[in-house]
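See structure below.
The values are calculated or read from the model by the stated rules, or taken from the named source; none is laboratory data. Source: prediction; values computed, not measured. Reconstructed Cβ throughout: ideal geometry from the backbone, glycine too, with neighbour counts over all protein chains shown.
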């Protein structure tokens, strides 16, 4: 068999196996999304809705239960482990709620900052938390394609070795024979490690986008604080402390010392700029800030799905670099070079 034929058979085998795995993974993702409601019935502890849990907590608080008793009862009734509560009334949420945990914890800390009833604050973010859960699921489905491609290309060298044995070439023996295949193994391993680390960092960075506090939650919490009677500077300061966003604390400090409102725009990031801008009419003209903030929340909701798709597309584009520059060369060096060398250069 010629070297060209051996390489062709190897590539065909790898492409065929990869296509089968990609198709299977996509079908599994689609089936899981379609069967979401039934999965929740079968695995309530794993698929519990954060919004439903918060609604349960609100109902218990409205009926007169204490904060800790309400959280403990709602979490235990959902089949989740109770991890206790800190001194500021923030419960240790189970890992099943990790996507919504930052937003819920921020709501609890805001209650501690402004002194508003917890039931009122949680009720203000119920709908948004449900939307955040849905957005996180959509983001996960959208990332499935790029992540699956990265995993497949990571396994390409192994598939190439299997294909080499299928065409009668002992690739493993050639690796340690001290010839061209050995050089290919060393070079390919370096490329493979670099590609895997690079791809994992890109995927991890994309995954962290879903762990941040949703912008609509920030808007809802600000509205809740203002509705409770807090001033704009106090609401911004409390929001910054509750969400770990020091930029809002800086804005509050500037307003307290009488700085012009334009100075606030230099203190916030691009994502937070619309929230601060929505407060301008209220601060300069004395109008209510709540209608503007609610309108802003609706606009962010309308673009959330498109943003999730855009993140997945950017991830796919970024993954082209480690896949094309590292993992594919690693596959060629580790798997294809030994097969071709064993036929065309039997002495090496």
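Answer yes if at least one residue in region 75-97 is crowded, with 19+ Cβ neighbours inside 10 Å, at pLDDT 80 or above and in contact with a strand residue (DSSP E or B) (Cβ under 8 Å, 6 or more places away or on another chain), and no otherwise.
yes
Give the number of residues within region 173-182 that are without any contact (Cβ under 8 Å) to a residue 12 or more places away in the chain and within 20 Å of residue 329 (Cβ to Cβ).
1
Residue 212 - would you say it is assigned by the TED database to the domain that holds residue 294 and under 26 Å from residue 309 (Cβ atoms)?
Values: assigned by the TED database to the domain that holds residue 294: yes; under 26 Å from residue 309 (Cβ atoms): yes.
Spelling it out, residue 212 is indeed assigned by the TED database to the domain that holds residue 294 and under 26 Å from residue 309 (Cβ atoms).
Residue check: is residue 187 at pLDDT 80 or above and within 25 Å of the chain's Cα centre (by Cα)?
Criteria not met by residue 187.
For residue 54, are the conditions met, namely being modelled with pLDDT of 85 or more and closer than 15 Å to residue 125 by Cβ?
yes
Tell me whether region 288-302 contains one or more residues that are at pLDDT below 85 and either surrounded by fewer than 18 Cβ atoms within 10 Å (Cβ to Cβ) or out of contact with any helix residue (DSSP H, G or I) (no Cβ under 6 Å at 6 or more places or on another chain) (or both).
Looking for residues that are at pLDDT below 85 and either surrounded by fewer than 18 Cβ atoms within 10 Å (Cβ to Cβ) or out of contact with any helix residue (DSSP H, G or I) (no Cβ under 6 Å at 6 or more places or on another chain) (or both), one finds at least one in region 288-302, hence yes.
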